[in-house]
Amino acid sequence: MLARVRDLRPYVKTALTIAGSDSGGGAGVEADLKTFSAFGVHGLVAVTAVTAQNTNSIIAVHEVPPEVVVKQIEAVAEDIGVDAAKTGMLSNAEIVRAVARTLKRYDFPLVVDPVMVSKTGVTLLTEGAIGVLVDELFPRATLVTPNRFEAEKLSGMTIRTLEDARRAARAIAEETGAEGVIIKGGHIEGGDAVDVLYYQGHFREYRAPRVEGCTHGTGCSFSAAITANLAKGLSLEEAISLAKEFITLGIVTGHRIGHGHCPVNPIAWLEIPAEKWRVYEALKKAVREFERMNPVALIPEVGANFVYALPKPYARDKKDVAGVKGRIVRYGRSVKAVGPVEFGASDHLARAVLRFMDFHPEVRSALNLRYSEGLVEKAEKVGLVVSFYDRREEPPEVKAREGATIPWGIETAIRRAGRRPDLIYHLGDWGKEPMAIIFGETPQDVLRKLSLLLK
């Protein structure tokens, strides 16, 4: 059995993080391990310090003795093997020196994140350790990943623009012997967040929209993503490109926890594809069941659609909502889905369910039906919560905005009900067919409510 496990080693890539522990789980080795896992890489750890911290501040730091840090590196490198490594919080000169001396014995790629000050302003690297970091660890680095403020400290330059970042990146690389330097653009002026890489005598820029979200642990997760992809054998430029995409997603989908700087969400990279598959399979099965139920009389003239959204925080726009391409129509005496289940296939119903989720995040599925007084009466009779909105009450400023009517209507109906509705209807308007929508937590929940109406 052991021999068979060893045979798999070439296919199981490993990445080592040499960094501090964050009790809040948003940065440090905790963020690094999540990131390694998101890319399918086995994470190894050498803890340099234990911190008591949360989203507001770092309350206490306990440094690990340098010899224990070294033993952690040696233990995993000599038994398991390391395909790539990164450093984060190294805390003091003695730890930096011990790590640098130890890593000289190994030839795996090394990413150095020169963590100096936390987002909350706490010093994470003593002033005396900075010189040791530059002199002893940077020459061993495949890549150094400072933010603007760290790069200013390392280069002695003021950085405001991309041109400033280029000059600083080149200066740091040439003066320290680091193979590559990337200055992260989160704090550099401009509409986009642009990271500037200087590598092998050339510059390259990595751009992404400047997004709102959670930022605690961005530096740790970004450098860990680069490290994981170097471990998998990607080139440095390919690894950075993936890491840039990864961290942008992690920021915008960050979990809003704590009362300070909320943490990025490294698992979004892994979880969104998994959730998409679950949503796709569940909705596809429900559409087939809906066809078998064959509610011909309930199909609107414009056709029906059946949607299922990704969970929060991943459901942000219609591309995060699966629906039936081409809708569901009456086909003779039967009900037929015109096309397959696809994400982004619905517009109107996707906007309806997304707005509903703003009030009740657990309600992720919806099905629109032909409106009739009898349908509403039956819904109320079987105990469903029913509400409505009147398009004639729509404010002019809402009517003037493209796509704003449905979100306004859903919000109006929810507020009118005073509780979570099961069915919302409207009586139409000029050129608009009256419509009813059943909402449920899952497609099966929607079908359960529909079956009550069909009895």
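Computed over neighbours whose Cβ is under 15 Å from that of G180, the net charge equals -1, Lys and Arg +1, Asp and Glu -1. Within the shell defined by Cβ-Cβ distances under 11 Å, the residues around H426 carry a net charge of -2, with Lys and Arg each +1 and Asp and Glu each -1.
Our summary gives the chain a relative contact order of 10 percent, counting only alpha carbon pairs under 8 angstrom and 6 or more residues apart. Sparsely packed loop sites in segment 242-282 (the trypsin sites (Lys or Arg not before Pro) outside DSSP H, G, I, E and B with at most 16 other Cβ atoms within 10 Å) comprise R256.
The ellipsoid that matches the Cα gyration tensor of segment 370-455 has semi-axes, each √(5λ) in whole angstrom, of 24, 14, 11, with the longest given first. Can you compute the FRET efficiency between E402 and D192 using 1/(1 + (r/R0)^6), with r the Cβ-Cβ distance and R0 = 25 Å? Round to the nearest 0.05. Once the sixth-power term is evaluated, E becomes 0.45. Report the FRET efficiency, 1/(1 + (r/R0)^6), for R292 and K381, where r is their Cβ-Cβ distance and R0 is 22 Å, rounded to 0.05. Here the calculated transfer efficiency is 0.35.
Taking the Cβ of G128 as the centre, find all other residues whose Cβ is under 13 Å away and add up their charges (Lys, Arg: +1; Asp, Glu: -1). Charge balance in the 13 Å sphere: -3. Relative to the globular-protein estimate of 2.2 N^0.38 Å, the Cα radius of gyration of segment 1-105 stands at 1.14. Counting 0.36 nm for each residue step from I267 to E175 and taking away their Cα separation leaves a gain of 29.4 nm.
So which GluC sites (Glu not before Pro) in segment 148-244 end up in coil per DSSP with only 14 or fewer other C-beta atoms within 10 Å? The partial results should precede the final answer.
Numbers: sites: E150, E152, E163, E174, E175, E179, E189, E205, E212, E237, E238; in loops: E179, E189, E212.
Here the sparse-neighbourhood loop sites are E189, E212.
A DSSP coil position with no more than 16 other Cβ atoms inside 10 Å describes the following GluC sites (Glu not before Pro) in segment 396-433: E402. Counting only DSSP H runs of at least 4 residues, each contributing -39500 (n - 2.57), and dividing by the residue count of the chain, the helix-based mean residue ellipticity at 222 nm comes to -12000 deg cm²/dmol. Stokes-Einstein, applied to the Kirkwood radius of the chain over Cα pairs at a viscosity of 0.692 mPa s and 37 °C, places its translational diffusion at 132 µm² s⁻¹. 3J(HN,Hα) along segment 312-317, derived from phi through the Karplus expression 6.51 cos²θ - 1.76 cosθ + 1.60 where θ = phi - 60°, amounts to 5, x, 7, 8, 10, 8 Hz, with x in place of Gly and Pro. Check the cysteines of the chain one by one and keep only those with no other cysteine Cβ under 4.7 Å from their own. Lone cysteines by the Cβ rule: C220.
Taking the inverse of the mean reciprocal distance over all distinct Cα pairs, the Kirkwood hydrodynamic radius of segment 84-170 comes to 13.4 Å.
Rounded to the nearest 0.05, what FRET efficiency do T126 and I257 have when you use their Cβ-Cβ distance and R0 = 30 Å? According to the calculation, E is roughly 0.50. Shown for segment 170-216 is the translational diffusion coefficient from the Stokes-Einstein equation, using the Kirkwood radius over Cα pairs, a temperature of 37 °C and a viscosity of 0.692 mPa s: 279 µm²/s. Computed over segment 46-126, the alpha-carbon pair-distance distribution with 5 angstrom bins reads 3, 14, 25, 24, 16, 11, 6, 1, each value a whole percent.
Across all Cα atoms of segment 224-365, the radius of gyration (one decimal) and Dmax (whole number) stand at 19.0, 60 Å.
For segment 189-246 versus segment 252-289, the inter-centroid distance based on Cα atoms is 22 Å. Within segment 311-382, the proportion of Cα pairs with more than 17 Å between them is 54 percent. Hydrodynamic estimate: the Kirkwood radius of segment 106-254 over Cα pairs, inserted into Stokes-Einstein at 20 °C and 1.002 mPa s, corresponds to D of 140 µm²/s. Using 0.36 nm per residue and subtracting the Cα-Cα separation, the extra length available between T161 and F149 on full extension is 3.0 nm. Calculation over all alpha carbon pairs of segment 166-262 in 10 angstrom steps from 0 returns a P(r) of 15, 45, 31, 8, 0 percent.
Since every read-out is calculated from the coordinates, none of them should be taken as a lab result. Remember, predicted model here, so these are calculated numbers, not experimental data. Every residue, glycine among them, receives a Cβ derived from its backbone with ideal geometry; neighbour counts consider all protein chains shown.
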